[in-house]
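The values are calculated or read from the model by the stated rules, or taken from the named source; none is laboratory data. Given the structure is predicted, the values throughout are model-derived calculations rather than measurements. Glycine also receives a Cβ, built like all others from the backbone with ideal geometry; neighbour counts cover every protein chain displayed.
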Amino acid sequence: MTFAQAPIQKPIPILTLGTFHFDFPNMDKIQYEKDNMIDVLEPKFQAEIDKLVNALSEFSPTIIVIERPTKMQAQIDSLYKLYQEDNYILQRGEYEQIGFRLAKKLELNRIYCVDEWGKHYNNIKELLKNESSKDFIQFENSFYNHPDSTKEYYPKSVFQTQGIIPELILLNNPENIKRSLGNYLIGHFKYEANNHDFIGTDFETGRWFNRNLRIFRNIQRIKTNSNDRILVIFGSGHMNILNFLFECSPEYCLHNVCNYLKIQN
């Protein structure tokens, strides 16, 4: 007996755009003081975002995914529909400023929410349960105060002095992306509550590595055909894992976003 094999689908072209968070929620390791922020709604930045959207449209994505939790899909669908009908003013988030604009320009019907939190091991769940416990306080302190702080790598932001596009070029530089993964392999990663345990490693496994694997899986779940092209708009930190997964996967062909960011003023 022979079985018919499904036709082999060519790898799907994929472009990842690592961004800073345009609305500055300050929920990441790097915190911005108000004086160090920009307002992307200012005309000069709006003009720059228009140039960016036009440049990204050259990739011709048919699917756009954004850093919003999957449980927000109905809300994003509703907001995007209002925006398509010219009944919604874009807020500051990059997923709206870039994602909504580009999707509307390309006449796409939907933008996909694929963000997830990672899953922790039981020992980490137990540790995080009581924030007033001695173990939790010691663990939390180690996150911000550790001997490896001088080894951490964060390129100096240029959005204030040079603009949004130069900042995105900096964030998507392959060397900067590669070096940013090193931040998750030192400091808190090496934390031990007891000699030779793996508390820090287990925590980072769920917080970062498992989270990005789940995001990748959500992207895999999107139904595609041979003509699809995917654009991923996410915080640049995620690209140190997501880009590697896309490069290794037989289902995707990762394109270099820097080729689309060389925009003349």
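Structural remarks
- Tabulated pairs, the stretch 103-123, first under 19 Å from LEU90 (Cβ atoms), second hydroxyl-bearing (Ser, Thr, Tyr), C-beta under 6 angstrom, 6+ apart or interchain: LYS105/SER57; ILE111/TYR80; CYS113/THR70
- Applying a threshold of 7 Å to beta carbon distances and a minimum spacing of six or more residues, or different chains, the list of pairs starting in the stretch 12-25 at a residue that is closer than 24 Å to ARG229 by Cα and ending at one that is of a type in the set (Val, Ile, Thr) and in a loop (DSSP other than H, G, I, E, B) reads ILE12/THR224.
- Options ARG92, ARG68; residue that is at pLDDT 95 or above and in a loop (DSSP other than H, G, I, E, B): ARG92
- Test: residue in the stretch 124-143 that is under 26 Å from THR224 (Cβ atoms), in a helix (DSSP H, G or I) and under 24 Å from the mean Cα position of the chain (by Cα): no
- Tally, over the stretch 83-118, of residues that are of a type in the set (Gly, Ala, Ser) and touching a strand residue (DSSP E or B) at 6+ places or on another chain (Cβ under 6 Å): 2
- MET27 satisfies every condition listed in (1) among the aliphatic types (A, V, I, L, M); (2) modelled with pLDDT of 95 or more; (3) surrounded by fewer than 18 Cβ atoms within 10 Å (Cβ to Cβ) except (2).
- Flag if SER60 is touching a residue at least 60 places away in the same chain (Cβ under 8 Å), exposed (fewer than 13 other Cβ atoms within 10 Å of the Cβ) and among the small types (Gly, Ala, Ser): yes
- Residues of the stretch 101-118 satisfying the condition of being surrounded by fewer than 14 Cβ atoms within 10 Å (Cβ to Cβ) and either among the hydrophobic types (A, V, I, L, M, F, W, C) or over 16 Å from ARG229 (Cα atoms) (or both): TRP117
- Of all the criteria given as (1) of a type outside the set (Val, Ile, Thr); (2) touching an Asp or Glu at 6+ places or on another chain (Cβ under 6 Å); (3) part of a helix (DSSP H, G or I), the one not satisfied by PHE159 is (3).
- Being at positive phi and not aromatic (Phe, Trp, Tyr) is a description that does not apply to GLY182.
- Residues that are of a type in the set (A, V, I, L, M), under 27 Å from GLN97 (Cβ atoms) and touching a strand residue (DSSP E or B) at 6+ places or on another chain (Cβ under 9 Å) number at least 2 in the following helices (runs of 4 or more DSSP H) confined to the stretch 163-242: 164-171, 211-220.
- Qualifying residue in the stretch 148-156 (condition: under 27 Å from ILE38 (Cβ atoms), of a type in the set (Ser, Thr, Tyr) and surrounded by 15 or more Cβ atoms within 10 Å (Cβ to Cβ)): no
- Filter result (without any contact (Cβ under 8 Å) to a residue 40 or more places away in the chain, assigned to a helix (DSSP H, G or I) and not basic (Lys, Arg)) within the stretch 31-49: ASP35, PRO43, GLN46, ALA47
- Qualifying positions in the stretch 182-222 - among the hydrophobic types (A, V, I, L, M, F, W, C), under 30 Å from LEU261 (Cα atoms) and either crowded, with 16+ Cβ neighbours inside 10 Å or touching a Leu at 6+ places or on another chain (Cβ under 8 Å) (or both): TRP208, LEU213, ILE215, PHE216, ILE219
- Among residues of the stretch 30-51 being within 17 Å of GLU67 (Cβ to Cβ) and in contact with a Phe, Trp or Tyr (Cβ under 7 Å, 6 or more places away or on another chain), the one that is modelled with the lowest pLDDT is ILE30.
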